[in-house]
1. Report the local net charge at L132: Lys and Arg +1, Asp and Glu -1, summed over other residues whose C-beta lies under 13 Å from its C-beta.
2. Using only the alpha carbon atoms of the chain, find the Kirkwood hydrodynamic radius as the inverse mean reciprocal pair distance, in angstroms to one decimal.
3. Pairs to check: K33/K214; K182/K259; K6/K115. Give those whose C-alpha atoms are more than 30 Å from each other in this structure.
4. Please sort 124-136, 39-51, 89-101 by packing, taking for each peptide the average over its residues of neighbouring beta carbons within 10 angstrom, highest first.
5. Which three semi-axes in whole Å describe the equivalent ellipsoid of the range 1-109, each the square root of 5 times a Cα gyration tensor eigenvalue, listed largest first?
6. Could you name the aspartates and glutamates in cross-link range of K192, using Cα to Cα under 16 Å and dropping any fewer than eight places away on the same chain?
7. Running a GNM on the chain with Cα contacts under 10 Å, which residue among S104, S236, S31 ends up with the highest mean-square fluctuation?
8. Dividing the alpha-carbon radius of gyration of the range 123-278 by 2.2 N^0.38 Å (N being the number of residues), what value is obtained?
Amino acid sequence: MKKLWKAEENRVAFEYARRITAYYSKSFYFSAKMLPKEQRWATYALYGFCRHCDNLIDTPRQRTETEIIREIQLLTEELQVAYNTGESQHPIIRAFILVAKAYSIPIEYPLDLLKGVAMDVQQTRYKTFDELSLFCYRVAAVVGLMMTYVLGYKDERAFGYAKQLGIAMQLTNILRDIKEDKDMGRIYLPEKDLVRFGVLEQDILEEKITPHLKDLMKFQVERADRYYTEAMPGISLLETESQYAIYSAAKIYRGILRKIEDHNYDPFISRVFVPSTQKIRILLHEGLRAKFLSAQAKLFPVHSGIINK
């Protein structure tokens, strides 16, 4: 990336993106610190843009739905101009567009993200998992796809796995945030699944933890787990120096599912999280694993691709 974050004219924009990452996603920031410096600052820029888009609806403000949709449209127009010109004076797009151009990130991905944000404004219920998975793709999987360009990859199959990991993480967010989301008028659990398990929407709105709701939560945790399982082999298709951070991020996020299990699938007790001590253990474990793989790759370069898998 030619150390774009160090240029005097870009420093404020990149530092702003770093602070956004540190404030809004401690797990993501924790893992990103393990990346090589160029990818780390590029990750801050990418996350900062994505977080800014999410905050258009996640941050409580006195704005109507029409006004928020107009904001999204204006941001979309500014993004399109930035892709055409390679620059922007928008405080968050400035860093992002430099990274997008440096790593050849297609415009379709950030545009899909903005479509997902608009979708979240206009849709508060999902009839089927297919509907929900489209939302997960737009607001999370495209983030994984953009990150794949930043991290570097050895095989284009990495993109398919990145999509799966993004959906896994978004499903985890949904299960973690059921209480907060319903307080904002949103229920992401598909209506078809509610009916299948005999859960009433009113049970969620009134925070009634019934045996049916616990069964539904267990089913959703297992669904998210399957996405993680399907995604994990793809991490070995990334460039070796980036794998450590993504293995760590995936394990930290997946750990949220284990915390939900520890709470006996009750989404209303308190917001679950992975403690810092556990995050450190994961990072140390993955750090040692990365050093071991790196040493093997140096000793046996011909077979390093097989070893990394």
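Read-outs: derived from the displayed coordinates by stated rules, not from any lab. Please read these numbers as outputs of a predicted model, since none were measured by experiment. Reconstructed Cβ throughout: ideal geometry from the backbone, glycine too, with neighbour counts over all protein chains shown.
1. Values: positive: R125, K127, R138, R186, K192, R223; negative: D120, D130, E131, D181, E191, D193.
Combined, the nearby Lys, Arg, Asp and Glu give 0.
2. 20.4 Å is the Kirkwood radius here.
3. Details: K33/K214 36 Å; K182/K259 20 Å; K6/K115 32 Å.
Violating the 30 Å limit, Cα to Cα: K33/K214; K6/K115.
4. Per-residue mean Cβ counts within 10 Å order the peptides as 39-51, 89-101, 124-136.
5. 23, 18, 11
6. Correct list for K192: D130, E131, E201, D203, D215.
7. Maximum fluctuation in the GNM of the chain, among the listed residues, is at S104.
8. Taking the Cα Rg and dividing by 2.2 N^0.38 Å, one obtains 1.08.
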